[in-house]
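Just so it is clear, none of the values below were taken in a lab; they were calculated from the coordinates. Remember, it's a predicted structure, so these values are computed and weren't measured experimentally. Cβ sites come from the backbone with ideal geometry, for glycine too, and all protein chains shown count toward neighbours.
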Amino acid sequence: MRKLLALSIFALTVGQASAATWLIGDNDGYGAGIPDNADHTFNGFTANYDGRSAAEAAATNGAQYTDTYSTTHPGFGPQPGTVATFKFTGLGSGWTQGSMWFDMADFQASTFGAVAVTFNGIVQNWAFNDGFPHTLVRFFDLDAAVLTSINSTGELDVVIDRNASVDFYGFDYALLSNRAGSDGIPEPGALALLGLGLAGLAASRRRKQ
């Protein structure tokens with residue numbers, strides 16, 4: 001059992017080696033425990049669902065949209081308007097790679113039009129067709145222009161403008177990593193292995209008692 005725990009901790013440590021992340025949101029399944037990359041139970045009659053806790057809403061002051069369905073559809077989000085902003089500050093310089101991760105729901109550009117997205121003013125392609133009702137975790141490697149802008153300003157502003165779209169969609173979290181692609185955040189397998197090791201250790205202690 002000790003070997004399993006040691007292996008699980010090693011796997012998690014290797015997955016996180018030299019990586020730094022900044023998270024907006026709380027990765028709680030939209031406040032309703034909805035699994036990643038799966039269909040959810042929302043329907044057209046519950047499109048105004050906002051699963052943010054009071055603490056999260058106060059912490060973001062209504063400016064950064066997380067845990068919010070129909071995020072930038074006026075009357076259905078935490079504040080009026082058609083533009084969502086995720087602002088990451090205090091990033092420093094020396095960035096040579098990085099990625100943005102989003103847990104997003106219900107993008108249907110083919111039906112309702114694509115949203116306009118920029119990273120520090122640099123246009124990104126977000127013409128997604130995931131269908132309703134579906135969530136999907138995506139990552140986007142930061143290109144050289146975005147990395148240069150981070151190094152210059154120490155910030156990353158992600159702006160999502162739905163003025164050309166009438167789509168309903170939402171975000172559970174937005175995560176910035178200084179690692180690229182699949183190296184950006186710990187792999188789910190490593191986290192599961194850590195949980196297995198800790199559970200086994202607890203069971204072993206109960207048997208001894």
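Observations, loosely collected:
- In a simple Cβ point-charge model (Lys, Arg +1; Asp, Glu -1; nothing else charged), segment 20-184 has a dipole of about 300 debye relative to its Cα centre.
- Using a Förster distance of 22 Å, the FRET efficiency for residue 163-residue 138 (Cβ separation, nearest 0.05): 0.50
- Residues with amide H under 5 Å from that of residue 81, placed H, sequence gap 5 or more: 75
- In terms of surrounding Cβ atoms within a 10 Å radius of their Cβ, 88, 119 rank from fewest to most as 88, 119.
- Between amide H atoms placed 1.01 Å from N, distances below 5 Å from residue 170 occur with 70, 71, 105, all of them 5 or more places distant or on a separate chain.
- Fewest-first sequence of 22, 101 by Cβ atoms within 10 Å of each Cβ: 22, 101
- 155, 56 arranged by Cβ crowding within 10 Å, fewest neighbours leading: 155, 56
- For residue 126, the residues whose modelled amide H falls within less than 5 Å of its own, excluding neighbours fewer than 5 places apart on the same chain, are 117.
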